[in-house]
1. If residue 210 satisfies every condition in (1) open to solvent by less than 60 Å² (accessible area, probe 1.4 Å); (2) at pLDDT below 95 but one, which is the exception?
2. Quickly run through the stretch 195-207 and pick out the residues that are open to solvent by 30 Å² or more (accessible area, probe 1.4 Å) and among the aliphatic types (A, V, I, L, M).
3. Evaluate the following for residue 229: is it of a type outside the set (Asp, Glu), modelled with pLDDT under 95, surrounded by 17 or more Cβ atoms within 10 Å (Cβ to Cβ) and out of contact with any Gly (no Cβ under 7 Å at 6 or more places or on another chain)?
4. Can you name the helices (runs of 4 or more DSSP H) wholly within the stretch 259-334 that have at least 3 residues being open to solvent by 10 Å² or more (accessible area, probe 1.4 Å) and modelled with pLDDT of 95 or more?
5. Under 8 Å by Cβ, and 6 or more places apart or on different chains, what pairs join a residue from the stretch 289-306 that is of a type in the set (Val, Ile, Thr) with one that is surrounded by fewer than 18 Cβ atoms within 10 Å (Cβ to Cβ) and assigned to a helix (DSSP H, G or I)?
6. Residue check: is residue 111 more than 14 Å from residue 327 (Cα to Cα), free of Cβ contacts under 8 Å to residues at least 60 places away in the same chain and not aromatic (Phe, Trp, Tyr)?
7. Give 246, 276 a once-over and let me know the one that is of a type in the set (Ser, Thr, Tyr), over 20 Å from the mean Cα position of the chain (by Cα) and farther than 22 Å from residue 188 by Cα.
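The values are calculated or read from the model by the stated rules, or taken from the named source; none is laboratory data. What you see is a predicted model, and the numbers here were worked out from it, not measured in a lab. Heads up, the Cβs are rebuilt from the backbone with ideal geometry, glycines too, and the neighbour counts pull from every protein chain shown. The area values use the complete protein model at the heavy-atom level, side chains included, leaving out ligands, DNA and RNA. Shrake-Rupley method; radii C 1.70, N 1.55, O 1.52, S 1.80 Å.
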Amino acid sequence: MLPSTPGGAADALAVAGCIRAALAERIDVGSLPLHVDGSIGITLAPADGRDPGTLVRCADVAMYRAKQLSLGVAVYAPDADQNRRERLELLGGLRSAIAGGQLVLHYQPKVDLRTGRTTAVEALVRWQHPAHGLVEPGRFVPFAEQSNLVKPLTRRVLMLALDQARSWWDAGRLLPVAVNVSARMLHDAELISTVRAELDRTGLPPRALELELTESAVMVNTRNAMSVITRLRGEGIRISVDDFGTGYSSLAYLRDLPVHDLKIDKSFVVNVAHRTKDFSIVRSIIDLAHNLDLRVVAEGIESSEVCSLLRDLGCDEGQGFYLGHPVPPADLAA
């Protein structure tokens, strides 16, 4: 953060360039060469703010923009921040929201397409913000994933989901609950111990929990991901590869990955009844998965036509507005 003098931005960009160049130098850890990169956000005082808290939050917004657009370095630009005040408030309040009980979970059913029976539910986080109302995850989860808040956020969601599952199981509804795991958490050494501790705390069996991992998260470090997923599966936890078809992966990893389910990304499902290429992709994924002894879940089912088509193609389970919207736990029974 530099004063907003004529040379302030130029000086900051020069310093940022030097920092990134230093980070880019190879680091040898034993026999393993490591290459590190970084994204830097720049904010200027007093144009962007007059107190340290506001300036740091503006710098966070700029850094997120640098990551999102692969710029390396970005200077905070109010014009480029369409929801500046709201975004800053969300950034500043997320930590206290996680700790202060403002996060709530809605649940969306997974339905067996042959029987119509609900087989599990997916936990989807929302932020019950005191000023902005119910905030959708797309407006705050990316901030958490780019910061050190992803750990407490994941722990909180896991805790809430398993507490709710405990309530359902006590009432005789033996519904597994699925929780999404970000790329950073998948490669965190504490993930396995955190999951085990929460299952022990609630007294639930491992089959009460499913973990959903995006295809891109698995591919960040395939060897490490393989080890973590193998250990989680060894604990008895069901594992799904989410958003399948959107990553840039080799089929070789799928052959060896110890998962149970593939979830076809909704971008292929929504128009599967009207786009020949989407139909071919979905049919091929279903056939491939079944040949690998994997179950297939289709996301984004929004019509009876699509639901029937997927059932005819042999898709095992589905999610989407046609089958059930994400709702608070009290509304799920209906």
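1. Going through the list (1) open to solvent by less than 60 Å² (accessible area, probe 1.4 Å); (2) at pLDDT below 95, residue 210 breaks only (2).
2. 197
3. Numbers: of a type outside the set (Asp, Glu): yes; modelled with pLDDT under 95: yes; surrounded by 17 or more Cβ atoms within 10 Å (Cβ to Cβ): yes; out of contact with any Gly (no Cβ under 7 Å at 6 or more places or on another chain): yes.
It is true that residue 229 is of a type outside the set (Asp, Glu), modelled with pLDDT under 95, surrounded by 17 or more Cβ atoms within 10 Å (Cβ to Cβ) and out of contact with any Gly (no Cβ under 7 Å at 6 or more places or on another chain).
4. Details: elements: 266-269, 276-291, 304-313, 329-332.
It comes to 276-291, 304-313.
5. Close Cβ pairs (under 8 Å, with a partner that is surrounded by fewer than 18 Cβ atoms within 10 Å (Cβ to Cβ) and assigned to a helix (DSSP H, G or I)) amount to 296/290.
6. Taking the combined requirement at face value, the residue does not satisfy it.
7. Details: 246 fails: over 20 Å from the mean Cα position of the chain (by Cα).
276 is the lone residue from the list that is of a type in the set (Ser, Thr, Tyr), over 20 Å from the mean Cα position of the chain (by Cα) and farther than 22 Å from residue 188 by Cα.
Here is a yes/no grid of residues against (1) polar (S, T, N, Q); (2) modelled with pLDDT under 95; (3) open to solvent by less than 50 Å² (accessible area, probe 1.4 Å); (4) on the phi > 0 side of the Ramachandran plot:
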{"site": "77", "(1), (2), (3), (4)": "no, yes, yes, no"}
{"site": "109", "(1), (2), (3), (4)": "no, no, yes, no"}
{"site": "130", "(1), (2), (3), (4)": "no, yes, no, no"}
{"site": "148", "(1), (2), (3), (4)": "yes, yes, no, no"}
{"site": "182", "(1), (2), (3), (4)": "yes, yes, yes, no"}
